[in-house]
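Inspection log for the structure reproduced underneath, given as structure tokens.
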Amino acid sequence: MTPKVPAGVCRIALITDFGPGPYVGQIRLVLDALVPGLPVLDLISDLAPFRPDLAAYLLPALVRDTPPGTLFLCVVDPGVGGERAALALEADGRWFVGPDNGLLGTVARRARDLRALRVGWRPVWTSQSFHGRDLFAPIAARICGGEDLQGQRLEGPSLAGWDWPDDLARVVYVDAYGNLLSGVRADRLDPQANLSVAGLSIPWARTFCEVPHGSAFWYENAFGLVEIAVNQGRADKVLGLGPGSALPLCLG
Amino acid sequence: MTPKVPAGVCRIALITDFGPGPYVGQIRLVLDALVPGLPVLDLISDLAPFRPDLAAYLLPALVRDTPPGTLFLCVVDPGVGGERAALALEADGRWFVGPDNGLLGTVARRARDLRALRVGWRPVWTSQSFHGRDLFAPIAARICGGEDLQGQRLEGPSLAGWDWPDDLARVVYVDAYGNLLSGVRADRLDPQANLSVAGLSIPWARTFCEVPHGSAFWYENAFGLVEIAVNQGRADKVLGLGPGSALPLCLG
Amino acid sequence: MTPKVPAGVCRIALITDFGPGPYVGQIRLVLDALVPGLPVLDLISDLAPFRPDLAAYLLPALVRDTPPGTLFLCVVDPGVGGERAALALEADGRWFVGPDNGLLGTVARRARDLRALRVGWRPVWTSQSFHGRDLFAPIAARICGGEDLQGQRLEGPSLAGWDWPDDLARVVYVDAYGNLLSGVRADRLDPQANLSVAGLSIPWARTFCEVPHGSAFWYENAFGLVEIAVNQGRADKVLGLGPGSALPLCLG
């Protein structure tokens with residue numbers, strides 16, 4: 001028996017480490033042909049390359065306040081061409097498609113209501129190296145059309161990344177301003193606490209305009225994560241940190 | 001009494017310093033939910049970070065030749081979370097939404113027909129640090145829907161940036177080729193004049209193909225601005241200039 | 001007599017060297033006004049600047065597996081403002097618009113079914129330096145609307161780039177991961193062959209997950225090209241190569 005996939009997708013949002021270049025565009029061409037008229041949005045395309053372990057902790061924050069009816073097509077897939085399965089999740093009314101390499105593990109674990117499928121359906125042809133275009137995008141289109149995924153229902157604990165920590169005390173993403181986004185939800189920290197990072201004591205502030213120019217601070221960002229920033233400066237340069245850098249945070 | 005906002009928005013164009021990353025995409029998700037079906041275009045997302053003073057002079061040039069019916073959602077907002085107001089402008093048949101920090105001052109001052117509102121309406125919730133997504137995008141959606149902004153009509157001179165110079169003799173933007181876009185309209189300069197910049201004498205040319213490879217020149221760019229370029233080279237590297245650099249231009 | 005242009009365009013895909021910045025966005029604004037409702041996708045915007053000679057060999061690979069009904073608006077145009085003609089091609093059921101500077105030469109030469117027009121129609125006004133926005137985008141819109149291009153039919157051999165080599169043994173593009181895409185179709189090489197590049201012997205592999213982390217290999221990429229990559233590393237840094245670098249490949 002193949003579980004039925006719910007309808008109601010209003011739009012597809014792309015979440016990748018593809019960077020600038022043709023890969024996002026090729027996916028959009030495929031989706032425009034398969035689901036004409038459905039809005040397709042590029043939510044983020046500069047995730048840290050090859051690092052599903054970091055993206056796993058940005059992903060639930062990125063989608064936290066997004067409107068209902070969105071399908072998130074997620075690809076950070078260094079093991080493309082290997083044995084990892086293709087997943088389709090429904091998590092608290094949102095859909096996710098991507099590789100079973102941990103990228104979707106944190107979203108799945110935090111969901112109150114989760115349905116996870118290992119997708120059995122395969123297109124007639126896929127390249128060896130671009131499953132975002134050739135496998136995951138067609139799977140997303142099938143979900144939009146309510147078509148059979150030939151799926152095998154999975155229990156949460158069998159998903160890659162299910163046993164990873166609740167929060168990740170590392171830099172998971174550096175944005176274009178040089179702000180350091182951590183994998184730790186801000187409500188896990190005492191808001192009065194100073195952080196000690198790279199030999200500096202970093203105080204909390206509500207937001208940028210409350211600290212002097214050039215000063216480092218941490219705050220709860222608009223996604224709910226602990227973020228370290230420098231007002232009108234680059235925290236990555238000031239602190240010498242980048243994607244994957246450990247942050248010595250005391251989690252409550 | 002709240003002034004009525006005109007209808008007739010055909011599309012929204014985004015003008016930000018957000019860079020690559022999730023911020024533009026999150027705004028697009030919000031707009032797709034609030035005004036489904038309305039085209040949303042990313043006009044520019046790599047304005048010089050934190051510099052509304054520079055962007056103010058690129059903005060009127062960027063929108064000069066754009067089709068009617070466009071609402072420009074403009075966010076360069078280093079003071080987010082502080083006291084600056086939210087603005088909605090109608091300027092010569094175009095709409096602008098953004099912070100009252102000078103970003104919209106030059107557009108307003110040059111308009112022949114200007115209506116400016118300080119927007120009083122607020123969403124139920126906004127983050128402290130991402131008003132582009134949480135405040136300005138919902139305001140733009142309300143304009144599209146003809147909904148009340150609870151606006152207070154402002155006179156031009158009360159807008160931030162109204163008293164800034166007519167043109168700005170600085171580099172306001174460096175494009176992907178390394179071309180240096182100034183904040184000076186080309187019709188303010190004598191087209192026969194050589195510019196003296198960074199110790200070099202820089203002649204005028206009509207366009208790229210009229211100067212030798214590797215030569216610096218200035219020309220009126222496709223937006224009407226004085227632009228300094230190097231044919232098939234990078235003017236920013238050759239001249240050692242970047243966003244904010246002063247250009248010793250003699251304005252007529 | 002002006003040849004009739006076929007209808008049936010479902011979407012426009014943009015292929016440029018414009019990089020981030022306002023140029024792609026300005027084209028999208030123009031197209032949204034001229035052909036409202038037609039999907040416009042950014043396929044690639046970071047082609048090597050000023051290098052139609054390289055892009056000519058990426059282009060047919062990029063479009064190889066794309067859905068029918070797409071018009072490709074292609075602009076790598078260092079000679080803008082000069083004498084090169086504007087082209088409209090129909091090649092094997094795909095449409096291409098761009099400058100006659102070689103950019104479209106390889107696509108044309110490889111087509112089984114080719115119709116090429118030198119476009120005579122001109123808009124009322126064009127800037128000197130931005131024909132992507134002011135000339136090529138309006139031409140694309142006219143094709144979508146089935147309007148007269150005032151075209152002169154050309155024979156293939158009169159197109160720029162028609163006499164360039166069948167494949168180009170150079171790096172034609174470096175993607176965001178640092179992978180080196182060549183201008184050589186993979187079926188031109190012996191798949192058992194090691195490549196000798198930058199003093200290293202580079203073996204073939206099926207895809208990334210089949211070589212150790214940090215190892216260089218070559219493979220047939222998802223576009224059918226010979227690509228040199230390093231598993232979870234940057235081939236451009238490891239090998240010291242970039243756009244235009246010669247690759248000593250023995251073509252069959």
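At a glance:
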read-out: Ascending list, in nanometres, of distances separating the B:ALA85 label from those of the other copies (7 Å, Cα toward Cβ); value: 5.8, 5.8
read-out: The range A:1-107: radius of gyration and largest Cα-Cα distance (Dmax), Å; value: 13.4, 41
read-out: Principal semi-axes in Å for the protein assembly as shown [√(5λ), Cα gyration tensor, largest first]; value: 36, 36, 26
read-out: Computed [θ] at 222 nm, deg cm²/dmol, chain A (DSSP H ≥ 4; -39,500 (n - 2.57); rounded to nearest 500); value: -5000 deg cm²/dmol
read-out: Candidates B:GLY199, B:GLY161, B:GLY105: whichever shows maximal mean-square fluctuation once chain B is modelled as a Gaussian network with Cα springs under 10 Å; value: B:GLY199
read-out: Summed buried accessible surface, chains B and A, 1.4 Å probe, nearest 100 Å²; value: 2300 Å²
read-out: For B:PHE18, distant residues with modelled amide H under 5 Å away; value: B:LEU47
read-out: Taking the C-alpha atoms of chain B, convex hull volume expressed per residue in Å³; value: 129 Å³
read-out: Around B:PRO20: net Lys/Arg minus Asp/Glu count, Cβ-Cβ under 9 Å; value: -3
read-out: Residue-count net charge about A:ASN179 - beta-carbon cut-off 10 Å; Lys, Arg +1, Asp, Glu -1; value: -2
read-out: Ratio Rg/Rh, restricted to the range A:182-252 and using Cα atoms, in which Rh is the Kirkwood radius; value: 0.91
read-out: Between the range A:11-25 and the range C:10-70, the Cα center-to-center distance that results, in Å; value: 15 Å
read-out: Cβ-defined net charge surrounding C:ASN221, 10 Å radius [Lys, Arg +1; Asp, Glu -1]; value: -3
read-out: Solvent-accessible area per residue, Å², over the range A:55-117 with all protein chains present [probe radius 1.4 Å]; value: 25 Å²
read-out: For the range B:206-242 and the range B:103-133, distance of Cα centres in Å; value: 34 Å
read-out: Buried on assembly, the range A:36-55 (at least 40 Å² less accessible surface than by itself, 1.4 Å probe); value: A:LEU41, A:LEU43, A:PHE50
read-out: Contact order normalised by residue count of chain A, Cα under 8 Å, 6+ apart, percent; value: 18 percent
read-out: Test item: B:65-76 mean partner chain Cβ contacts at 10 Å; value: 2
read-out: Heavy-atom accessible area per residue - the range C:120-182, 1.4 Å, Å²; value: 40 Å²
read-out: Choice from A:LEU43, A:LEU14, A:LEU58 with maximal GNM fluctuation in chain A (Cα, 10 Å cutoff); value: A:LEU43
read-out: Solvent-accessible area, 1.4 Å probe, carbon plus sulfur percent, for the range A:1-124; value: 55 percent
read-out: Mean separation of Cα contacts under 8 Å, 6 or more apart, over the residue count of the range C:131-252: relative contact order %; value: 26 percent
read-out: Semi-axis lengths (Å, descending) of the ellipsoid that matches the C-alpha gyration tensor of the range A:89-229; value: 38, 17, 13
read-out: Positions from the range B:150-181 whose accessible area shrinks by 40 Å² or more when the full protein complex is built, not the chain alone, probe 1.4 Å; value: B:ALA176, B:TYR177
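The values are calculated or read from the model by the stated rules, or taken from the named source; none is laboratory data. The structure displayed is predicted, hence computed values, not measured ones. Methodologically, a virtual Cβ is constructed for each residue, glycine included, from the backbone with ideal geometry; neighbour enumeration extends over all protein chains shown. Surface accessibility is based on the protein's heavy atoms, side chains included, excluding ligands, DNA and RNA. Shrake-Rupley method; radii C 1.70, N 1.55, O 1.52, S 1.80 Å.
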